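Each value in this text was obtained by applying a stated rule to the coordinates, not by laboratory testing. Bear in mind that the values here come from a model prediction, so they are computed numbers and not experimental data. We place every Cβ from the backbone using ideal geometry, glycine too, and count neighbours over all the protein chains shown.
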Amino acid sequence: MGMKRNQACGVRGCGLHLLLLLATLVLAGCSWFQPRKADVHLPVSGNAVAAMRNVDETMLDILETMDIPGASLTVARHGKIIYQRGFGWANRETREAVQPDSLFRIASVSKPMTAVAVLKAFEAELPAALDRPVFGPGGLFTGSRYAQVKDARVLKITLRDLLQHTNGWDSDVYEPQYDLVQIAAALKRPAPASAADVVEYMLKFRELQREPGTHFSYSNFGYNILGRVLEQKTGLPYDEAMRRLVFDPIGSQSPRIGGDTLAERRPGEVVYEDDPRWPPVPSQTGRGSGPEAYNGFHLAAMDAHGGWVMTSADMVRFADAIDGRSGVPRLLQPATVALMSTKDPKIPNANGGLGWVVDPSGWNHSGALSTGTHSFLERRTDGLTWAVVYNRLPIDPDNGPASLTETLKTTLKGLHAAILRSQGLTP
């Protein structure tokens, strides 16, 4: 996501700044947040849980305070879903209420899902496969499409570098995933550019900002490359590879790559409402302009880093299936989970392992697409897993960083505390 086209806040596709804010806000104490009486005008769906009434009140207070139309929240304890509810409006104009199984764009929470699929596809070759080069002779890619490189340092990029955001491209300098009209023009192809077009363009025309493997820089583009690696490894389109490796084995039926426009809304999917202060943007097709939620993104080109829509319950099922905590066959073997959960000691500014933000309480990841989508998934070592998704991320374009900080405080910090307290845990 971006503040008026990628200003310093770096929010558009859930960048480093958002992740760092979440690490400091969500996992800290929350004594400042005092839920108000629930707004009786906002619908609530799903079964009530008496011990989690304060969670209901907190969710309704968040929607009222931040003028967010709707949200979905799922909580599991020790692998069993104990709470799944919808709040507010899936479509405020038609008074369609969010249901517990409503679909939402999950934005960058797609990244840990891609990471798990890649680790599973290469599991028999780990850990050595993590240090294999991706491009060039002996690399993971075969064929000529990605053979032409402008910067020879590209040949040093490894699978590990892509997974842990140390590939050498800096999204704060240039974010190709939201520049699809210009990329298509440079390649003399119709807009919007595809995910593979973006990779080809970056290799041919752009230099790295850093030596691979030396510096953490949150990278949507790196996860685009991982999607193409997964296709190469499995011989399947990215979305089909994800279904076979991740979603089908755990019984998740809802995940699919989202559509770009309101007319392409999936059955059961909510409507996204940009912050009304947010300006219209040009369409990624190069034709027309309008609200960013339905013009600023081409989700098929964002597939591996931000393209999925699904229920909050399937987000939780995914996290709890990684090591079999939910009772389904585990997605990854214990040694692979250990690799995934370990920070690289050579990268002093890294805040995560392979695909996740890693901290003492467990794993988490956030997502945002300006300004219609906000998501968060946390899988904790104390047995608690929870996911929340909203269909608006309020941000003031004239005061981006400060307003984003306030939004995250309100949407995540108090909710985190209410959930933990409902389970007798200390925030």
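Computed from backbone phi with θ = phi - 60° and the Karplus coefficients 6.51, -1.76 and 1.60, the 3J(HN,Hα) list for region 330-342 is 4, 6, 10, 6, x, 5, 6, 4, 5, 4, 4, 8, 9 Hz; x is used for glycine and proline. Subtracting the Cα-Cα distance of I82 and A263 from their residue separation scaled by 0.36 nm leaves 61.7 nm.
Which residue fluctuates the most in the chain, going by a Gaussian network model with Cα springs under 10 Å, if the choices are Q99, Q177, Q209? Ranking Q99, Q177, Q209 by mean-square fluctuation puts Q209 first. Candidate cross-link partners of K111 among the lysines, defined by an alpha-carbon separation under 18 Å and a same-chain spacing of 8 or more, comprise K120, K233, K343. For the chain, the longest principal axis of the alpha carbon atoms and the long axis of helix 312-321 meet at an angle near 60°. Over the chain, with a Gaussian network built from C-alpha contacts below 10 Å, which listed residue (G258, G222, G79) shows the highest mean-square fluctuation? Among G258, G222, G79, the largest mean-square fluctuation in the Gaussian network model of the chain belongs to G79.
For the options A191, A304, A71, a Gaussian network treatment of the chain with springs between C-alpha atoms closer than 10 Å singles out A191 as fluctuating the most.
Between the beta carbons of T342 and E211, assuming R0 = 25 Å, the FRET efficiency works out to 0.70 to the nearest 0.05. With a ≥ b ≥ c taken as the square roots of the eigenvalues of the C-alpha gyration tensor of region 119-175, please select rounded if a/c is under 1.5 and otherwise prolate if a/b is larger than b/c or oblate if it is not? Note, shape of region 119-175 comes out oblate.
Relative to the longest principal axis of the Cα atoms of the chain, the long axis of helix 220-234 makes an angle of roughly 70 degrees. Placing unit charges on the Cβ atoms of the charged side chains and taking the dipole of the chain about its Cα centre, the candidate lying farthest along the positive direction among G213, A191, V309 is G213.
Using only DSSP helix segments of four residues or longer, with each worth -39500 (n - 2.57), what per-residue ellipticity at 222 nm results for the chain after dividing by its residue count and rounding to 500?
On the way: 13 runs with 118 residues, N = 427.
Taken over the chain, the calculation gives -8000 deg cm²/dmol.
A Stokes-Einstein calculation at 20 °C with viscosity 1.002 mPa s, built on the Kirkwood radius of the chain over Cα pairs, returns a diffusion coefficient of 100 µm²/s.
A simple spin-label model places the labels of A152 and N54 6.2 nm from each other, with each point 7 Å out along Cα-to-Cβ.
Charges were assigned to the Cβ only: +1 to each Lys and Arg, -1 to each Asp and Glu. The resulting dipole of the chain about its Cα centre is roughly 580 debye. The gain in end-to-end length when the T142 to S361 segment is fully stretched comes to 74.8 nm, 0.36 nm per residue minus the alpha carbon separation. For D274, the amide hydrogen comes within under 5 Å of the amide hydrogens of A293, counting only partners 5 or more places away or on other chains and with H modelled in the peptide plane. Between L425 and L187, the modelled label-to-label distance comes to 4.2 nm, taking each label 7 Å out from Cα in the direction of the beta carbon.
Applied to region 372-377, the Karplus parametrisation 6.51 cos²θ - 1.76 cosθ + 1.60 on θ = phi - 60° returns per-residue 3J(HN,Hα) values of x, 9, 8, 9, 7, 10 Hz, with x for Gly and Pro.
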